[in-house]
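The block underneath contains the structure these notes are about, expressed in structure tokens.
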């Protein structure tokens with residue numbers, strides 16, 4: 001049940017995190033209404049995704065491997081892996097790199113998953129790809 005203050009506004013307990021000063025949870029409902037408590041923090045993971053099996057030319061060099069670091073909000077590591085792979089695949093397909101690709105679509109795999117401390121929320125997400133020549137060439 002939601003309680004109201006003197007002017008008819010719903011009262012709620014704010015998140016305890018400084019980084020998220022919003023009264024609403026992930027689903028957009030008041031925190032007390034959803035779970036009856038406050039302070040539930042959804043972890044943030046940094047997932048390193050590796051892509052192989054493509055061929056593009058960058059500055060007169062053929063590359064066939066990339067690393068992409070993505071920051072994912074998820075309830076657990078497995079969910080973070082699935083979301084990271086989907087995000088990188090979608091980004092790749094929409095990027096100019098996909099049009100320049102002379103090989104097949106990249107085969108993606110997760111290298112590492114790390115749960116980030118709370119203060120990483122203040123830093124901006126990492127962007128872009130780190131390309132390298134394919135080891136088979």
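Remarks
- Evaluation of residue 39 against the conditions (1) modelled with pLDDT of 90 or more; (2) exposed (fewer than 15 other Cβ atoms within 10 Å of the Cβ); (3) under 30 Å from residue 117 (Cβ atoms) shows that the sole unmet condition is (1).
- Within the stretch 104-118, the set of residues being touching a residue at least 60 places away in the same chain (Cβ under 8 Å) and either exposed (fewer than 11 other Cβ atoms within 10 Å of the Cβ) or in a strand (DSSP E or B) (or both) comprises 109, 110, 111, 112, 113, 114, 115.
- For the stretch 119-137, residues that are surrounded by 13 or more Cβ atoms within 10 Å (Cβ to Cβ) and more than 21 Å from the chain's Cα centre (by Cα) total 2.
- Test: residue 63 is in the same structural domain as residue 117 (by TED's automatic domain parsing), surrounded by 15 or more Cβ atoms within 10 Å (Cβ to Cβ), touching a helix residue (DSSP H, G or I) at 6+ places or on another chain (Cβ under 7 Å) and part of a strand (DSSP E or B): no
- Residues in the stretch 66-80 that are crowded, with 18+ Cβ neighbours inside 10 Å and more than 15 Å from residue 91 (Cα to Cα): 74, 80.
The values are calculated or read from the model by the stated rules, or taken from the named source; none is laboratory data. No experiment lies behind these values; they were computed from the predicted model shown. Ideal geometry is used to build each Cβ from the backbone, glycine not excepted, and the neighbour counts take in all protein chains shown.
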